1. So, residue 157, is that one touching a helix residue (DSSP H, G or I) at 6+ places or on another chain (Cβ under 6 Å) and at pLDDT 95 or above or not?
2. Can we say residue 370 is in contact (Cβ under 8 Å) with a residue 24 or more places away in the chain and among the basic types (Lys, Arg)?
3. Could you check segment 319-339 and list, in sequence order, the residues that are in contact with a helix residue (DSSP H, G or I) (Cβ under 7 Å, 6 or more places away or on another chain) and within 20 Å of residue 257 (Cα to Cα)?
4. Determine whether residue 382 is surrounded by fewer than 21 Cβ atoms within 10 Å (Cβ to Cβ) and either under 20 Å from residue 220 (Cβ atoms) or touching a residue at least 12 places away in the same chain (Cβ under 8 Å) (or both).
5. Just to be sure, is residue 24 over 16 Å from the mean Cα position of the chain (by Cα) and in contact (Cβ under 8 Å) with a residue 40 or more places away in the chain?
6. Of everything in segment 355-366, what is without any contact (Cβ under 8 Å) to a residue 24 or more places away in the chain and surrounded by fewer than 18 Cβ atoms within 10 Å (Cβ to Cβ)? Give them in sequence order.
7. I need a count of the residues in segment 242-285 that are at positive phi and out of contact with any strand residue (DSSP E or B) (no Cβ under 7 Å at 6 or more places or on another chain).
8. Which of the residues that make up segment 147-157 are under 20 Å from residue 379 (Cβ atoms) and touching a Lys or Arg at 6+ places or on another chain (Cβ under 9 Å)?
Amino acid sequence: MSNSNTAGQVIRCRAAVAWEAGKPLVIEEVEVAPPQTNEVRLKILYTSLCHTDVYFWEAKGQNPLFPRIYGHEAGGIVESVGEGVTDLKAGDHVLPVFTGECKDCAHCKSEESNMCDLLRINTDRGVMLSDGKSRFSIKGKPIYHFVGTSTFSEYTVVHVGCLAKINPLAPLDKVCVLSCGISTGLGATLNVAKPKKGSTVAVFGLGAVGLAAAEGARISGASRIIGVDLNSSRFEKAKKFGVTEFVNPKDHKKPVQEVIAELTNGGVDRSIECTGNVEAMISAFECVHDGWGVAVLVGVPHKEAVFKTHPVNFLNERTLKGTFFGNYKPRTDIPSVVEKYMNNELELEKFITHEVPFSEINKAFDYMLKGEGLRCIIHMEE
């Protein structure tokens, strides 16, 4: 099963624990139990901070669950595997993913879906599926998991269905960003919007996910990529991701969909919405060209949000689609996204704007709260 001398033993290691909402994380010594049936224990080498971690750490609109170990965008190496795990072994390089692929349910068996019944994201659950218990503890008291990954720890335990086995030659400090945000934006374009070569694409929201969507349009050979954002300071940096022109809705009296329609002789061929703002979603749909335009929603709205548009927009042959994790199945598809990076089709370095040692993980939160940069890589080994 595993050749390491720690297999089957409790591992003591450092983890960044969130004791309460919005308070700085504290580096603590935690005990990490061995993996149970269908579980894998891995050593995290690099993790990065995604806005989802910050959102649930602030705990402003969800069930607060503390103490908890956050983190879900990461790269690591398998330390040991639990019973029933056959496709991973100690030493394998993996990306943990906040959603999963059991390979058994109707969704996993469908070619169209990646929304696994067993392992799709659950932000309320703080324990493992097999026994309803946490694998983390401090002096016998449980510390809760987050989205099945909890990568702000030197070791973590993850369900085998949430681990993508990747090329061991891929640098984990770069490809770790593919385990969440970058794949979400990239896949929204490549797998769902599918712009043709020479087409026009609008991207709403130029954070990491939106820029990954733009990168997908660049890879697809779009002739024009229009970036839409309320923050004009994001425009210059976005050029590196293929964005050719910019629209700030605040600079115009008329609705942004009308501005885009004028710029593009009736509308863009594809649009990708990455803000979660329902007004931006409506604009993203209404700015696509009649007859063939496709809009894709990526951003997660507030619970009360309602999407309103005139049905004639659909009758005039516009299409509205949604996506989850870029329509990638974690185990089946993410390894090939890593290969796109290895083959120089996809650039990842430009998404990484900061790096900090694990002991300074709170700096990564500061950067994100200030809106500085895109991704901050946290080095577990200092």
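1. Working: touching a helix residue (DSSP H, G or I) at 6+ places or on another chain (Cβ under 6 Å): no; at pLDDT 95 or above: yes.
For residue 157, the condition - touching a helix residue (DSSP H, G or I) at 6+ places or on another chain (Cβ under 6 Å) and at pLDDT 95 or above - is not met.
2. Numbers: in contact (Cβ under 8 Å) with a residue 24 or more places away in the chain: no; among the basic types (Lys, Arg): yes.
It is false that residue 370 is in contact (Cβ under 8 Å) with a residue 24 or more places away in the chain and among the basic types (Lys, Arg).
3. Correct list: 320, 321.
4. Yes, satisfied.
5. Details: over 16 Å from the mean Cα position of the chain (by Cα): yes; in contact (Cβ under 8 Å) with a residue 40 or more places away in the chain: yes.
Yes.
6. So the first thing to find is which residues in segment 355-366 are without any contact (Cβ under 8 Å) to a residue 24 or more places away in the chain, and the list is 356, 360, 363, 366.
Those that are without any contact (Cβ under 8 Å) to a residue 24 or more places away in the chain and surrounded by fewer than 18 Cβ atoms within 10 Å (Cβ to Cβ): 360, 363, 366.
7. The first filter runs over segment 242-285 and keeps only residues at positive phi, leaving 242, 265-267, 276.
When the remaining residues are screened for being out of contact with any strand residue (DSSP E or B) (no Cβ under 7 Å at 6 or more places or on another chain), the result is 265-266, 276.
Count: 3.
8. Of the residues in segment 147-157, the ones under 20 Å from residue 379 (Cβ atoms) are 149-156.
150, 153, 154, 155, 156, listed by residue number.
The values are calculated or read from the model by the stated rules, or taken from the named source; none is laboratory data. Since the structure is predicted, the reported quantities are computational estimates derived from the model, not experimental observations. All Cβ positions, even for glycine, are placed from backbone atoms using ideal geometry, and neighbour counts span all protein chains on display. Side chains are part of the model used for accessible areas, which takes the heavy atoms of the whole protein and leaves out ligands, DNA and RNA. Shrake-Rupley method; radii C 1.70, N 1.55, O 1.52, S 1.80 Å.
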